[in-house]
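Handing you a structure now.
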Amino acid sequence: MTRKSRRLALIAAALVVIGCAVGLGLYAMKDSLALFLTPAEMAEKHVQPGTRVRIGGLVEAGSVVRADASLRFNVTDGTKAIAVDCPGACFANVPDLFREGQGVVVEGVLGPDGRIGGDQILAKHDERYMPREVVESLKKQGRWQEGANVK
């Protein structure tokens, strides 16, 4: 084997090892990735139960129920609403700014009944916090005005 062919074989082996490492890393992270969707997109895409999702929108007025270390509410984008259950640790870590009519992002797993079992709730602290996709969706519906409270 010549020097040039050994160098090419070494480079090819290194590329194979790097490719395997990247592939294994992506495979390991597949369960920790969460898609960001609005309630209307979830209904449109027919997300399968058991899928980890991140959903954003507004906390629907009149939907918040706090009982026995659990929290239930609906997230809406003005078109569709998705029910969210936050038991245990999620309930204990509800942000102080969480309330009806405010922007929220919920991360959790979609259950077979169409409800999201929330793991984490993020409440907006100002107009710039809400994800761009949710703001654009609300603007299309005429429910968002820059610098004003959304109702």
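The values are calculated or read from the model by the stated rules, or taken from the named source; none is laboratory data. Predicted, not measured: the structure shown is a model, and the values here were computed from it. With ideal geometry, Cβ positions are generated from the backbone for all residues, glycine too; neighbour counts draw on all protein chains shown.
Exactly one of these conditions fails for A14: (1) at pLDDT 85 or above; (2) of a type in the set (A, V, I, L, M); (3) in the same structural domain as G111 (by TED's automatic domain parsing); (4) over 14 Å from E107 (Cα atoms). Give me its number.
(3) is the only condition that A14 fails.
Somewhere in the range 60-80, is a residue closer than 29 Å to K30 by Cβ, modelled with pLDDT under 90, in a loop (DSSP other than H, G, I, E, B) and within 15 Å of the chain's Cα centre (by Cα)?
yes
Just give me the residues in the range 109-150 being modelled with pLDDT of 85 or more and at positive phi, in sequence order.
Matches in the range 109-150: G114 only.
Within the range 35-44, is even one residue in contact (Cβ under 8 Å) with a residue 60 or more places away in the chain and outside any helix (DSSP H, G or I)?
For the range 35-44, residues in contact (Cβ under 8 Å) with a residue 60 or more places away in the chain and outside any helix (DSSP H, G or I): present.
Quick grid of which residues meet (1) touching a His at 6+ places or on another chain (Cβ under 9 Å); (2) not aliphatic (A, V, I, L, M):
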{"residue": "C20", "(1), (2)": "no, yes"}
{"residue": "L24", "(1), (2)": "no, no"}
{"residue": "A61", "(1), (2)": "no, no"}
{"residue": "P95", "(1), (2)": "yes, yes"}
{"residue": "G101", "(1), (2)": "no, yes"}
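Table: residues versus (1) surrounded by fewer than 10 Cβ atoms within 10 Å (Cβ to Cβ); (2) assigned to a helix (DSSP H, G or I).
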{"position": "S5", "(1), (2)": "yes, yes"}
{"position": "L10", "(1), (2)": "no, yes"}
{"position": "L24", "(1), (2)": "no, yes"}
{"position": "V47", "(1), (2)": "no, no"}
{"position": "G57", "(1), (2)": "no, no"}
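If you don't mind, another one. Between residues in the range 1-19 that are free of Cβ contacts under 8 Å to residues at least 60 places away in the same chain and residues that are loosely packed, with under 10 Cβ neighbours inside 10 Å and not aromatic (F, W, Y), which pairs lie under 8 Å by C-beta distance while being six or more apart or on different chains?
Taking only residues 6 or more apart or on different chains, the pairs are A9/M1.
Can you find a residue that is assigned by TED's automatic domain parsing to the domain that holds V106, of a type in the set (G, A, S) and free of Cβ contacts under 8 Å to residues at least 24 places away in the same chain anywhere in the range 46-67?
Yes, the range 46-67 has at least one match.
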